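J.: Structure below; questions to follow.
The values are calculated or read from the model by the stated rules, or taken from the named source; none is laboratory data. Keep in mind that this is a model prediction, so the values were computed, not measured. Using ideal geometry, Cβ is built from the backbone for each residue, glycine included, and neighbour counts are taken over all protein chains shown. The accessibility values were calculated without ligands, DNA or RNA, using every heavy atom of the protein model including side chains. Shrake-Rupley method; radii C 1.70, N 1.55, O 1.52, S 1.80 Å.
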Amino acid sequence: MGLTHLEPFVGAGPWLVIAFAVPAAGRIIITALALRGTNPKDRPSIIKALAELFRGRWRGSVPPDN
């Protein structure tokens with residue numbers, strides 16, 4: 001009854017999972033490589049910089065006019 005709205009996603013098969021899992025796995029790998037061997041006190045700034053990089057990829061490559 002309540003699962004009828006999920007039917008289009010289930011019908012898409014594994015492609016929908018792959019479409020979300022591959023970019024997420026890429027981000028995890030990039031983050032792990034960037035944090036490898038860094039000083040723990042520098043890690044928050046590195047993570048913030050990576051977050052800005054990843055955010056730019058999804059919202060367009062043009063920076064906002066601030």
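J.: What is the calculated FRET efficiency for R55 to E7, with r their C-beta to C-beta distance and R₀ = 25 Å, to the nearest 0.05? Write down the numbers at each step before the final one.
T.: Working: r = 32 Å, r/R0 = 1.27.
So, using R0 = 25 Å, E works out to roughly 0.20.
J.: Hey, can you find the accessible area per residue of the range 14-57 for me, probe 1.4 Å, expressed in square angstrom? Present the calculation step by step, with values, prior to reporting the outcome.
T.: Values: 3470 Å² over 44 residues.
With all protein chains present, the range 14-57 gives 79 Å² per residue.
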